[in-house]
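The values are calculated or read from the model by the stated rules, or taken from the named source; none is laboratory data. Just so we're clear, the structure is a prediction, and the values are computed from it rather than from any experiment. Cβ placement follows ideal geometry from the backbone for every residue including glycine, while neighbour counts extend to all protein chains displayed.
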Amino acid sequence: MDNITKQRIEKLHPSVRVEVSKIIEECDKALTGRAKVRIAQGMRTFAEQDALYAQGRTAKGDKVTNAKGGQSIHNYGFAVDIVMIIDGKVASWDTAKDWDGDKISDWKEVVQVFKNNGWNWGGDWTSFKDLPHFDKKGFSDWKVLKNYKKDKDGYVIIK
């Protein structure tokens, strides 16, 4: 696991940090070739979410989300977006490539590891496919999370 991923895990909700670390390690063991998993996005502030929402609407760029600040599971630290890092330097979102030659796309291998560990995959969504996205089952409803009290560090206190 690279240092960027470790840093992003440390910003996730404290209740999932160890779990996400284990998932990434499991993914990297499954990927025996040139690809490794990096967390491209983890915890986002409401302001960061609003800036992403503005893309393709009131700011330059393509639309990348339908969620405003507070409406993304990222805002509560229970979601990650991934990218494959090839040979330790090149980012890839190619979902079909099989860098380890085991006849299963590396992306599919990663998806299966996350699902086996109780995480939802954005590629299963019907209205807006978000292939790099994973969120923790049981904590994937922002409408519930927004009503939770927060601790001194700003994380929701889960019941």
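For beta carbons closer than 8 Å, sequence separation of 6+ or different chains, a first residue in segment 26-52 that is acidic (Asp, Glu) and a second that is not in a loop (DSSP other than H, G, I, E, B), the qualifying pairs are Glu26/Val113; Asp28/Lys36; Asp28/Val37.
Within segment 31-63, the set of residues being surrounded by fewer than 12 Cβ atoms within 10 Å (Cβ to Cβ) and either at positive phi or under 15 Å from the mean Cα position of the chain (by Cα) (or both) comprises just one member, Gly61.
Give me the residue from segment 64-99 that is part of a loop (DSSP other than H, G, I, E, B) and among the aromatic types (Phe, Trp, Tyr) and, out of that set, surrounded by the most Cβ atoms within 10 Å (Cβ to Cβ). Looking at the filtered set, the residue picked out is Phe78. Whenever a residue of segment 102-127 is within 18 Å of Glu25 (Cβ to Cβ) and without any contact (Cβ under 8 Å) to a residue 60 or more places away in the chain, its partners that are of a type in the set (Val, Ile, Thr) and not in a helix (DSSP H, G or I), lying with C-beta atoms within less than 8 angstrom and at least six residues away or across chains, give the pairs Trp107/Thr95.
Of the residues contained in segment 80-88, none is found to be within 15 Å of the chain's Cα centre (by Cα), more than 27 Å from Val18 (Cα to Cα) and of a type in the set (Val, Ile, Thr). For segment 100-121, a residue qualifies if it is surrounded by fewer than 17 Cβ atoms within 10 Å (Cβ to Cβ) and not in a loop (DSSP other than H, G, I, E, B), and the qualifying residues are Lys108, Gln112, Lys115, Asn116.
Output the residue which, of all residues in segment 128-153 that are within 22 Å of Ile24 (Cβ to Cβ), assigned to a loop (DSSP other than H, G, I, E, B) and touching a strand residue (DSSP E or B) at 6+ places or on another chain (Cβ under 7 Å), is modelled with the lowest pLDDT. Talk me through it step by step, then tell me what you get.
Taking segment 128-153 and keeping what is within 22 Å of Ile24 (Cβ to Cβ), we get 130-140.
Restricting the remaining residues to those that are assigned to a loop (DSSP other than H, G, I, E, B) gives 130-132, 137-140.
When the remaining residues are screened for being touching a strand residue (DSSP E or B) at 6+ places or on another chain (Cβ under 7 Å), the result is 132, 137, 140.
Values: Pro132: 96, Lys137: 96, Ser140: 90.
Here the residue is Ser140.
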